[in-house]
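The values are calculated or read from the model by the stated rules, or taken from the named source; none is laboratory data. Model, not experiment: these values are computed from the prediction. Note that we place each Cβ from the backbone using ideal geometry, even for glycine, and neighbour counts take in every protein chain shown. Just the protein is used for accessible areas: all its heavy atoms, side chains included, with ligands, DNA and RNA removed. Shrake-Rupley method; radii C 1.70, N 1.55, O 1.52, S 1.80 Å.
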Amino acid sequence: MDGVTTESATDIGIEGMTCASCVGRVERALKKLPGVLEATVNLATESARVRYASPAATPALLRRAVREAGYGVRETDLMDDVREPSAWAGFAPVALALALAAPLVLPMLADLAGRHWMLPAWLQFCLATPVQFVLGARFYRAGWHALKARTGNMDLLVAIGTSAGWGLSVWLWWSAQAGSMPHLYFEASAVVISLVMLGKWLETRAKRQTTAAIRALHALRPALAHVILKNGEQADVPVLELLVDDSVVVLPGERVPVDGVLQEGRSQLDESMLTGEPLPVTKAPGAALTGGSINGDGRMLIRVSAVGRDTVLSKIIDLVQDAQAAKAPIQRQVDQVAAVFVPVVLLIALATLLGWLAMGEPLEVALIRAVAVLVIACPCALGLATPAAIMAGTGVAAGEGILIKDAEALELAYRADTVAFDKTGTLTIGQPRLVAFVPAAGADEAMQWSAAASLQSGSEHPLARAVLAAANARDIPVLAPEDLRAIAGRGTEGLVAGVPYLIGSLRWFEDLGVSLGPLQSEAERLQKGGATLSALAERRPEGLVLRALMAFADEPKPGAREALASLRARGLRIVMISGDNRGAALAMGERLGLHAHEVMAEVLPGDKAALVAELKQGKIHPLGGQRSTRSDERGGTDFSAGPPQGKMHPLGGQRSTRSDKRGGTVVMVGDGVNDAPALAAADVGMAMGTGTDVAMHAAGITLMRGDLSLVEGALEISRRTVMKIRQNLFWAFAYNVAGIPLAALGYLNPVLAGAAMALSSVSVLSNALLLKRWRLKPS
């Protein structure tokens, strides 16, 4: 429809970027286009992630803008190439440059041995000129584009510096008296270009290693699938052509091509590349299968449930690529420095030249020292310091089952001082069992069973499923309810066989004025035993009448107690958030090794986000004593009422009426739909991959399996990644801060400066790649 604007995003592979200045130039070129909402360029992945409004902007216009800025466009992204190239790919020009430059260096090495000789000037010229203008042509092209864009980059510095050295040598040669042999500087220019080319080649190899985790995920996709056609025959079809509801055969040892549901056969699947779980998972008919997992020893027939970008594997790849394409907050500050870096270096080089001339030094000495300044300045290391560490960190985390959605979450997680956990499904198995059904005096037990099961038949809540499971086991008839209405965070009401019933939490019934009456003592006994209670009531003309009490029990997840103890040992505050009554929540907290002041009970789903916000602000919630159960005008729980002596700090003591000025960094871990607002409200949200899509979209980090040790793993990889970012930035800045003055003062010649510049980028990447050695601590 004409006039309709839609928001889209695209990735563009970019060729020819060499430093942080290039990144800034491409970003500016993209952001100037009408309709571009956001543009983020990543030097490590050599790509741009652009969010734009169409039809004002289109992918074709975006690519044109990149080309007009002086860079090439790749049709495929660096991380989409799953083929492993030769280790020596692209080395031929580098080898030729080194071969031509090597004879020029020999006299310099001979000087160290006390032998003084030089190659003839014409031979130096013949060796250096092809390196300067043929193999080094890329520096001139990129530098010229930078000049046209009224900016600067590494290529411009190299082109100006080496051209000055080459030009000075030609001038000294041609102006020398016949028979004399002046000292020439061809070797400086040729060796600098050769070393910079070698450094960029090593840098490219290291970049490919940082994307190894993504390429490994891409490689999980098989090319073909065995499809059962409509005529009953089996045919091999490209995976890209699969459709939802296709029937696909997976043979022993093969990878599952796409997401599906097992129809026939039993097997054990290796899902370690997706979840990090090393043990095979048993699959029976009806089980969900994830594309990319490896079939064990059974033949399986599956029905395709998702294809293309809707598969779990594609979503995982998208999440990790999004994180690697994004900029960490600290990188934005680095970009501001990089924007003025090259102009400042050019001014320092000019000042060096003029300063040495003013001090009476010959032109050749002053010029060579100015060249050394130009050559040693390295904006490349600044541009690679942060993205290289983020790529390595997110890649190794993905291999362990920790998907980091954005760079900001990665940068914030290590600063966490409080970790808040949702109880059901996160700390517990999330499969509660109905352990007691207590009918009120005079109530028909079978009728109340049927009413409870019928009301819960349309709900996916864990307690509803527990009621239905217990009713089915007892052959209780389940009727179709009418006028069903869910009350968020409280319960459900509707008609069963024409009779109006309500089923829900005890808090809801207390708010409605329903007394437990004779069942009060039984309710207290069950709560002390750690049970979660619900009630069933019938709506009659005279009011609501209690009909039955239900008690549910859940089990802690294996390893949950140890995981919480390990987090506490790191100095973190632990908080468990539960909608259960306080007795049940305290009983579960005790089984998990939590103290009473670490248990937050009777929290309505709508209040979780507000609670997390107060934890962030340093405010203290009422975790001890009685909490008010009345609702404010907005429908949430009123936190203003509490014990007369004040509200309790989650770690003991009284609640302050003002915010703690220090506040805190809060991590929220959850898995359900009702956890999504709290996950979004936290500084860092962590969603269990066993939970809902809504929770995973709201969280910055997704844990691909229910193992709670992944929480500590996510905090640890965050700490290590941020440490590498800081190390890289320190060395990148220290290198320039120390190297430029040394070059200006004449302590570094252009050859040493070129070698140091080439090694600076490689050292930053190599340091980031050390993150690949990290492994999750066994739980």
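Give just the number: which of (1) surrounded by fewer than 24 Cβ atoms within 10 Å (Cβ to Cβ); (2) under 20 Å from the mean Cα position of the chain (by Cα) does residue 738 not satisfy?
(2)
Looking at 726, 775, which is the one that is charged (D, E, K, R) and without any contact (Cβ under 8 Å) to a residue 60 or more places away in the chain?
726
Within segment 520-553, how many residues turn out to be under 50 Å from the mean Cα position of the chain (by Cα), more than 18 Å from residue 448 (Cβ to Cβ) and of a type in the set (Asp, Glu)?
Residues meeting the conditions: 1.
From 332, 303, which residue is over 26 Å from the mean Cα position of the chain (by Cα) and of a type outside the set (A, V, I, L, M, F, W, C)?
One residue alone meets the criteria, 303.
Looking only at residues that are closer than 17 Å to residue 551 by Cβ and polar (S, T, N, Q) in segment 407-449, which one is most open to solvent (accessible area, probe 1.4 Å)?
Filtering first and then ranking leaves 431.
Condition check ((1) part of a loop (DSSP other than H, G, I, E, B); (2) among the aliphatic types (A, V, I, L, M); (3) modelled with pLDDT under 85) across all residues:
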{"site": "2", "(1), (2), (3)": "yes, no, yes"}
{"site": "8", "(1), (2), (3)": "no, no, no"}
{"site": "11", "(1), (2), (3)": "no, no, no"}
{"site": "14", "(1), (2), (3)": "no, yes, no"}
{"site": "17", "(1), (2), (3)": "yes, yes, no"}
{"site": "21", "(1), (2), (3)": "no, no, yes"}
{"site": "28", "(1), (2), (3)": "no, no, no"}
{"site": "38", "(1), (2), (3)": "no, no, no"}
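Can you name the condition, by its number, that residue 582 falls short on among (1) in contact with a strand residue (DSSP E or B) (Cβ under 6 Å, 6 or more places away or on another chain); (2) open to solvent by 40 Å² or more (accessible area, probe 1.4 Å)?
Condition (1) is where residue 582 drops out.
Would segment 131-151 turn up any residue that is touching a helix residue (DSSP H, G or I) at 6+ places or on another chain (Cβ under 7 Å), free of Cβ contacts under 8 Å to residues at least 40 places away in the same chain and over 30 Å from residue 23 (Cα atoms)?
Scanning segment 131-151 turns up no residue that is touching a helix residue (DSSP H, G or I) at 6+ places or on another chain (Cβ under 7 Å), free of Cβ contacts under 8 Å to residues at least 40 places away in the same chain and over 30 Å from residue 23 (Cα atoms).
Quick one: how many residues across segment 350-398 are within 25 Å of residue 170 (Cβ to Cβ), in a helix (DSSP H, G or I) and not small (Gly, Ala, Ser)?
17
For segment 480-492, what are the residues that are over 12 Å from residue 454 (Cβ atoms), surrounded by 14 or more Cβ atoms within 10 Å (Cβ to Cβ) and not aliphatic (A, V, I, L, M)?
Across segment 480-492, the qualifying residues are 489, 490, 491.
I need a count of the residues in segment 31-45 that are surrounded by fewer than 24 Cβ atoms within 10 Å (Cβ to Cβ) and either in contact (Cβ under 8 Å) with a residue 60 or more places away in the chain or within 24 Å of residue 140 (Cα to Cα) (or both).
Total meeting the criteria: 1.
Output the helices (runs of 4 or more DSSP H) that fall wholly within segment 660-774 and possess 3 or more residues being of a type outside the set (Ser, Thr, Tyr) and modelled with pLDDT of 90 or more, or say none.
In segment 660-774, the matching helices (runs of 4 or more DSSP H) lie at 709-744.
Go through segment 144-156 and give me each residue that's modelled with pLDDT of 80 or more and within 19 Å of residue 191 (Cα to Cα).
Listed by number, the residues that qualify are 155, 156.
Can you run down the residue pairs with Cβ atoms below 8 Å, 6 or more apart or on separate chains, where the first is in segment 108-129 and open to solvent by less than 50 Å² (accessible area, probe 1.4 Å) and among the β-branched types (Val, Ile, Thr) and the partner is modelled with pLDDT of 90 or more and not in a loop (DSSP other than H, G, I, E, B)?
From segment 108-129, the pairs are 129/166.
Quick one: which of 396, 365, 375 is buried (at least 24 other Cβ atoms within 10 Å of the Cβ) and of a type in the set (A, V, I, L, M, F, W, C)?
After ruling out the rest, the residue left standing is 375.
Does residue 349 satisfy the criteria of being crowded, with 24+ Cβ neighbours inside 10 Å, of a type outside the set (Lys, Arg) and at pLDDT 90 or above?
Answer is yes for this residue.
If you check every pair at least six apart or on different chains, which have Cβ atoms under 6 Å apart with a residue in segment 487-498 that is under 15 Å from residue 511 (Cβ atoms) first and a residue that is assigned to a loop (DSSP other than H, G, I, E, B) second?
Listed pairs, sorted by first residue: 489/604.
Which residues, counting only those in segment 136-159, are surrounded by 20 or more Cβ atoms within 10 Å (Cβ to Cβ) and assigned to a helix (DSSP H, G or I)?
Matches in segment 136-159: 139, 142, 143, 145, 146, 154, 155, 156, 157, 158, 159.
For residue 510, state whether it is open to solvent by 40 Å² or more (accessible area, probe 1.4 Å), touching a residue at least 12 places away in the same chain (Cβ under 8 Å) and within 30 Å of residue 669 (Cα to Cα).
In short, yes.
Take the residues in segment 287-315 that are in a loop (DSSP other than H, G, I, E, B) and open to solvent by 60 Å² or more (accessible area, probe 1.4 Å), then tell me which one is farthest from residue 243 (Cα to Cα).
297
Tell me whether segment 602-609 contains one or more residues that are assigned to a loop (DSSP other than H, G, I, E, B), at pLDDT below 80 and closer than 19 Å to residue 491 by Cβ.
yes
Search segment 537-579 for residues being out of contact with any Phe, Trp or Tyr (no Cβ under 8 Å at 6 or more places or on another chain) and among the acidic types (Asp, Glu), and hand back the single one that is surrounded by the fewest Cβ atoms within 10 Å (Cβ to Cβ).
542
Kindly provide the set of residues from segment 415-442 that are under 23 Å from the mean Cα position of the chain (by Cα) and part of a strand (DSSP E or B), ordered by number.
418, 419, 420, 421, 422 - these are the residues of segment 415-442 that are under 23 Å from the mean Cα position of the chain (by Cα) and part of a strand (DSSP E or B).
Which one of the conditions (1) outside any strand (DSSP E or B); (2) crowded, with 21+ Cβ neighbours inside 10 Å; (3) modelled with pLDDT of 85 or more does residue 245 fail to meet, given that it meets all the rest?
Going through the list (1) outside any strand (DSSP E or B); (2) crowded, with 21+ Cβ neighbours inside 10 Å; (3) modelled with pLDDT of 85 or more, residue 245 breaks only (2).
Based on what the data block shows, is residue 517 on the phi > 0 side of the Ramachandran plot, open to solvent by less than 50 Å² (accessible area, probe 1.4 Å) and within 45 Å of the chain's Cα centre (by Cα)?
No.
Every residue, every condition in (1) among the polar types (S, T, N, Q); (2) at pLDDT below 80, yes or no:
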{"residue": "117", "(1), (2)": "no, yes"}
{"residue": "121", "(1), (2)": "no, no"}
{"residue": "132", "(1), (2)": "yes, no"}
{"residue": "164", "(1), (2)": "no, no"}
{"residue": "179", "(1), (2)": "no, yes"}
{"residue": "185", "(1), (2)": "no, no"}
{"residue": "193", "(1), (2)": "no, no"}
{"residue": "198", "(1), (2)": "no, no"}
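Among (1) closer than 12 Å to residue 451 by Cα; (2) touching a Pro at 6+ places or on another chain (Cβ under 7 Å); (3) outside any strand (DSSP E or B); (4) not hydrophobic (A, V, I, L, M, F, W, C), there is one condition residue 477 misses while meeting the rest; what is its number?
Going through the list (1) closer than 12 Å to residue 451 by Cα; (2) touching a Pro at 6+ places or on another chain (Cβ under 7 Å); (3) outside any strand (DSSP E or B); (4) not hydrophobic (A, V, I, L, M, F, W, C), residue 477 breaks only (2).
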